[in-house]
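Bear in mind that the values in this text are calculations on the coordinates, not laboratory data. On a predicted model such as this, the values are computed, not experimentally measured, just so you know. All Cβ positions, even for glycine, are placed from backbone atoms using ideal geometry, and neighbour counts span all protein chains on display.
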Amino acid sequence: MLRDLTRGLVRENAVFVTLIGLCPALAVTTHVVNALGLGTALLVVLVASNVSVSLLRTIVAPRLHYPAFLGGAALFVTVVDLAMQAYVPELSARLGIFVPLIVVNCAILARADVFARQVVPVRAMLDGLGFGVGFLLSLTLIALVREILGSGTITLFAMGDFDGVLVIPRMSEHPVQVMVLAPGALLTVGYLCALFSRSRGRTKAGASGREEGT
Amino acid sequence: MGVPVSDTPLGMMACDPPQYHDRSSTARIMWAVTLCLVPAAGWGVYLYGSRALLVLAAAVGSAVVCEAAAARLASRATLRDGSAVLCGLLVGMSLSPAVPLFIPVVASAFAILVVKWSFGGLGGNWMNPALAGRVFVAFSWPGFMATWVTPRTLAGVDGLAAATPLGVVQSAGPDRLAAPLTLLREAGYPVSAIDGSVTSWLNVHVLGPIGVNLPSGYVDLFVGNVAGSIGEASALLLLLGTIVLFARRIITWHIPAAFFIGFAVCTSAFGGLETEQGLFAGDVLFSVLTGGFVLATFYMATDPVTSPLTGAGMLIYGAGAGILTFVLRAYGQFPESVALAIILMNTVVPVIDRFCTPRRSGRRKTRHAS
């Protein structure tokens, strides 16, 4: 049970180890707040989708599994999208198309297919939670690197007097603008992948340090 | 012979090419190229002052320090092969003398650590490190990259000499209707006294008899009497350096020739279109003498690691880079056209090599009936 929860955090981390769900990981991580927003949205959808898949697995015929899974995911994504538009309109506008696109995020279908449809709902939920949190943390890590280097700021939620932007004094004067452009995303993800695979002790010759996985 | 770079499974030593028996080695080639660049770099320092020397020193120093650190991590001794010094020098020479000093440091560090050592050090990179470093800082700090220094030889002349000739022409906007040199003069870009005397001498004694008249301004571009990057201003000194490269067969004619022809044909045919002068009205001479074209074609595109292995492949690669340079310069929105063109072609070199494998000796080309 505990392994179901921890599996997605580091060991099979969606972004850095299995390299799925890279599209939003590359696209929205220019600001930390985007990463937090999209990560949370995906976390909610993944948990809900995993539970629904697990519940549907015996009711729906196996050959109709994929349409049923995607239908479920689409339902939850719509709910999350509308909720975000209602309660955090600014964040929703920043994320734009990437919230609706969670439907086709590989992480959702991957967990449904390889795990949730073979286990009881509780285990599916824990698995969704683990992978969702792992995804959220990965996105935040990428966004931290890219925003600190590329803009010299850390953008969070605006609360009260705080406008939500932490400015790093010297870095924000002449930031490395490439890091918030597309090449910066690929570089960051590539090096973090390398770091992950090194810390997981499977550095074989040529297996690390390449950005080809993206 | 080369420096041993890796032990093969059988316990043999594998060396960097060239692997034939003479006294050439990676290190000798690298140091020779470095020496060939020194006159042009020295001219840059003379033109733009000690500031240029600082930029060069920062670039080379950073490259050497990064190389030493990376080589230590990889337990290899590569500092003496000279590639880091050459890379740093190329990075420094491709920068404006007015940049803040952290820019050459970052550019060299990116070149050595990210582009070269992430892929396994010298020979493993699939992109020219110096160019990649330059492009990295150009996209990161575009503001700093566009400030220039008035050359010493033009000091005291009124006008906006602290801009590159290509920059002046490109900033004239899309509705410019004149040839590049006319635009330069209209913008008040000065012509030096040397240019005037050399041009008139050439017109009277060399070009006059064959019925050609050289407008003034080209000589300044050729000897590097303009604002620009430290090393790319003087086409003359860069070309002098290439004599050594050709004589010692460090580079062959294929890449520079194909690069030049690809670029020149495109420029002369379509270069006049933007200025509404019609087809075949482009100013090839101006385009070739500006924007680091000479430095890039002879010293960067010919990097043995990131260019094709065979003559035919080199011709395809060079021509592709030349055409891309024209397209990016004429229609692109970035000033890094030559660098981007070469980098783009670097990435397709494995494909080119695949289609241009040399025939094994003694075998006829057979057509597979499949």
Most fluctuating residue given options A:Gly71, A:Gly37, A:Gly130, as computed from a GNM of chain A linking Cα atoms under 10 Å
A:Gly71
When chain A is treated as a GNM, springs tying every alpha-carbon pair under 10 Å, which of A:Ala61, A:Ala112, A:Ala143 comes out with the largest mean-square fluctuation?
A:Ala61
Specify whether the C-alpha gyration tensor of region B:251-356 places it in the rounded, prolate or oblate class, a ≥ b ≥ c being the square roots of the eigenvalues: rounded for a/c under 1.5, otherwise prolate if a/b is larger than b/c and oblate if not.
prolate
At R0 = 41 Å the Cβ-Cβ FRET efficiency linking A:Asp161 and A:Arg198, nearest 0.05, sits at 0.45
First measure r as the distance between the Cβ atoms of A:Ala83 and B:Val327, then evaluate 1/(1 + (r/R0)^6) with R0 = 45 Å and state the FRET efficiency to the nearest 0.05.
0.45
Just check the protein assembly as shown against the gyration tensor rule for me: Cα atoms, a ≥ b ≥ c as the square roots of the eigenvalues, rounded for a/c under 1.5, and otherwise prolate or oblate depending on whether a/b exceeds b/c.
prolate
Taking 7 Å along the Cα-to-C-beta vector as the label spot, tell me the B:Ile243-A:Leu64 distance in nanometres, rounded to one decimal.
8.4
Over the Cα atoms of region A:2-147, each weighted equally, I'd like the Debye log10 I(q)/I(0) at q = 0.12, 0.13, 0.15 Å⁻¹, rounded to two decimals.
-0.44, -0.52, -0.68
The residues B:Met127, B:Met345, sorted from fewest to most surrounding Cβ atoms within 10 Å, come out as B:Met127, B:Met345
With runs of 4+ DSSP H residues as the only contributors, calculate the mean residue ellipticity of chain A at 222 nm using -39,500 (n - 2.57) per run, divided by the residue total and rounded to the nearest 500.
-19000 deg cm²/dmol
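Please order A:His31, B:His205, A:His174 by the number of other Cβ within 10 Å, starting at the fewest.
With the fewest neighbours first, A:His31, B:His205, A:His174 line up as B:His205, A:His174, A:His31.
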When chain A is treated as a Gaussian network with springs between alpha carbons less than 10 Å apart, the largest mean-square fluctuation among A:Ala107, A:Ala48, A:Ala83 is found at A:Ala83
Can you put B:Thr150, B:Thr302 in order, fewest other beta carbons within 10 Å first?
B:Thr150, B:Thr302
